[in-house]
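Please treat every number below as a calculation from the coordinates, not as lab data. Predicted model only: the values in this text are computed from it and were never measured. In this analysis, Cβ positions are derived from the backbone assuming ideal geometry, glycine residues included, and neighbour counts consider all displayed protein chains.
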Amino acid sequence: MPLQLHIAGGEAVLSELYAELNIAGQCSVCGRVRDLFALPGRPEKFCLECSADVASAIQLTTEIDAEASAGRATAALESEFSEVSRRILERSQLADLSDV
Ligand SMILES: [Zn+2]
């Protein structure tokens, strides 16, 4: 459908606008209604806490890749990454349990 292509382009512009305005909505991770932040390259939006964790997770993934391809040890980064992912997972599970 050609119409959907047009809408997809418009949505990209809209989500940039939303990121700037911090419009309140439901966080993709914890499900709470907060001011939301968008991360570059991610369609989801997150509250401040979750966006910080998701951003760290993305950052760590990039660092792990870089270290691994340079032949360096990634154990410290990987444990940091699993810590961050655990926090994100815990928060999303809490969201499932509550009735938000
Ligand atoms: Zn959140």
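In this label model, residue 26 and residue 61 are separated by 2.3 nm, measuring between points 7 Å along each Cα→Cβ vector. Using the Cβ of residue 55 as centre and a radius below 15 Å, the other residues enclosed give a net charge of -2, where K and R count +1 and D and E count -1. Residues in region 35-44 carry Karplus couplings, in order, of 5, 9, 10, 9, 9, x, x, 10, x, 7 Hz; the curve used is 6.51 cos²θ - 1.76 cosθ + 1.60 with θ = phi - 60°, and Gly or Pro positions show x. Peptides 44-55, 29-40, ordered by how many other C-beta atoms sit within 10 Å of their residues on average, highest first, read 44-55, 29-40.
In this simple spin-label approximation, residue 78 and residue 52 carry label points 7 Å from Cα along the Cα→Cβ vector, and these lie 2.8 nm apart.
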